[in-house]
1. Just the residues that are part of a helix (DSSP H, G or I), touching a Phe, Trp or Tyr at 6+ places or on another chain (Cβ under 6 Å) and open to solvent by 30 Å² or more (accessible area, probe 1.4 Å), please, taken from the stretch 194-223.
2. When you look at Glu151, is it of a type in the set (Asp, Glu) and open to solvent by 40 Å² or more (accessible area, probe 1.4 Å), yes or no?
3. Please tell me if Met331 is surrounded by 22 or more Cβ atoms within 10 Å (Cβ to Cβ), modelled with pLDDT of 95 or more and more than 14 Å from the ligand (Cβ to nearest atom).
4. Looking at the stretch 302-317, which of its residues are open to solvent by less than 20 Å² (accessible area, probe 1.4 Å) and either outside any helix (DSSP H, G or I) or modelled with pLDDT under 95 (or both)?
5. Six or more apart or on different chains, Cβ atoms under 7 Å: show the pairs whose first residue is in the stretch 153-171 and among the β-branched types (Val, Ile, Thr) and whose second is modelled with pLDDT of 95 or more.
6. Would you confirm whether any residue within the stretch 335-345 is in a helix (DSSP H, G or I) and either within 16 Å of the ligand (Cβ to nearest atom) or aliphatic (A, V, I, L, M) (or both)?
7. Going by the conditions given, is Asn320 in contact with an Asp or Glu (Cβ under 7 Å, 6 or more places away or on another chain), among the polar types (S, T, N, Q) and touching a residue at least 40 places away in the same chain (Cβ under 8 Å)?
8. Under 9 Å between Cβ atoms, at least 6 apart or on separate chains: pull out the pairs that start in the stretch 50-62 with a residue that is modelled with pLDDT of 90 or more and end on any residue that is of a type in the set (D, E, K, R) and away from the ligand (no atom under 12 Å from the Cβ).
Amino acid sequence: MSKAQLPCFGVDIGGSLVKLVYFEPCNSQINCNGQDKVGLEAIQDFIKSNVNYGETGARDERLAMENVVLGGRRGHLHFIRFSTDVVGKFLLLAEELNASVLNDKVCATGGGAFKFEKDFKEILGVQLVKYDELECLIHGIHFINSSCLNECYYWNNLHCLEKSETVPYNFDLNPYPYLVVNIGSGVSILSVESAEKFSRISGTSLGGGTFLGLCYLLTGCSSFDEALSMAEEGDSTKVDKLVRDIYGGDYSKFGLPGDTVASSFGKMCCEQNRSAVSKNDLARAMLVTITNNIGSIARMCAVNHKVECVVFVGNFLRCNTIAMKLLAYAMDYWSKGMMKALFLVHEGYFGAVGALLELKT
Ligand code: ADP
């Protein structure tokens, strides 16, 4: 079987999650025999006949893309993620499936491409060809936006968040300059001036890993999805001290409405308040605290760089409607409607896509 017909992978090994993008050429089934066929079929069967792999692995079926053209080949893109904690198990499984018959080199990005390079070589016989994670991120964003209709969207009706819905946004029209806020375990903020001109301008260690780590500690939840479900049921105003808790209303002189958070977790300084909060309230307050902090840093970066469009990505936003709406509201409210928060359907997979794109060069 020729190399051009073989499926291939791009992988982004992050601090929390491994993101694996699998490109299956339309003609990958033909003309293969012997050892190649065994390895190829076993892997394709394994990937496509499951949506969950072990305790932490999942294939995001809703994100799959058909008829994608990659380096002159047409095929399907599949999106898979699993916890970085189980890279060792993943390698043993890949070895069992004889995965190295597909590619002896895999384009990889993220810190784990460095950390696990030796393990990939020794256990799987696969060489990780490493690429910078922020370059991969930007290349992935541009590629997916040009290949996928309705990739980019914003939230409307920001004055009434319960009624707010997503609206497609034509990102391709003229996106530059814009900011990317990548909310993974930590947060990186990039200023993008053109397809090849971008730089990391800021970041914060208070990111998705902080939200999840503190939720584990405070609520006893056992997964990101559970933390989000708890947050949905919770009320952060029982935990946070608001402007109205201090002023009895708005702080009008400086335009601060009464429902603005004055002190995140500020009500927890009082014993009586502590005994009145539920774990759901704590999860909600954690989510609001982390999200508002990121929104505020993003807005300051946008002001400094005179940018109006801010694109939020990263797996912290996976199924995280509360955070997305909060970010959209905060960007709009505090900029008096001058800034727009944009979101992308393939949330946390752009780094892995960018790595995959390196194959054709
Ligand atoms: P990284 O590259 O640092 O791993 P990601 O963009 O993959 O970053 O985002 C990781 C964050 O996504 C986690 O810190 C957590 O907040 C959130 N997340 C979403 N889904 C999961 C999950 N299934 N397991 C763990 N964290 C998840």
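The values are calculated or read from the model by the stated rules, or taken from the named source; none is laboratory data. The model shown is predicted, which means the values in this text are computed figures rather than measured ones. Cβ atoms come from the backbone with ideal geometry, glycine included; neighbour counts cover every protein chain shown. To get the accessible areas, we keep the full protein, side chains included, count just its heavy atoms, and leave off ligands, DNA and RNA. Shrake-Rupley method; radii C 1.70, N 1.55, O 1.52, S 1.80 Å.
1. If the condition is that a residue be part of a helix (DSSP H, G or I), touching a Phe, Trp or Tyr at 6+ places or on another chain (Cβ under 6 Å) and open to solvent by 30 Å² or more (accessible area, probe 1.4 Å), then Leu212 is the only one that fits.
2. No: the conditions fail for Glu151.
3. Values: surrounded by 22 or more Cβ atoms within 10 Å (Cβ to Cβ): yes; modelled with pLDDT of 95 or more: yes; more than 14 Å from the ligand (Cβ to nearest atom): yes.
When the stated conditions are applied, Met331 passes them.
4. Here is the first cut: in the stretch 302-317, the ones open to solvent by less than 20 Å² (accessible area, probe 1.4 Å) are 302, 307, 310-314, 316-317.
Val307, Val310, Val311, Phe312, Val313, Gly314, listed by residue number.
5. Thr166/Tyr153; Thr166/Trp155; Val167/Tyr153; Val167/Tyr154; Val167/Asn156
6. No, every residue in the stretch 335-345 fails to be in a helix (DSSP H, G or I) and either within 16 Å of the ligand (Cβ to nearest atom) or aliphatic (A, V, I, L, M) (or both).
7. For Asn320, the condition - in contact with an Asp or Glu (Cβ under 7 Å, 6 or more places away or on another chain), among the polar types (S, T, N, Q) and touching a residue at least 40 places away in the same chain (Cβ under 8 Å) - is not met.
8. Partner pairs satisfying both residue conditions: Val51/Arg59; Val51/Glu61; Asn52/Arg59; Tyr53/Arg59; Arg59/Lys48.
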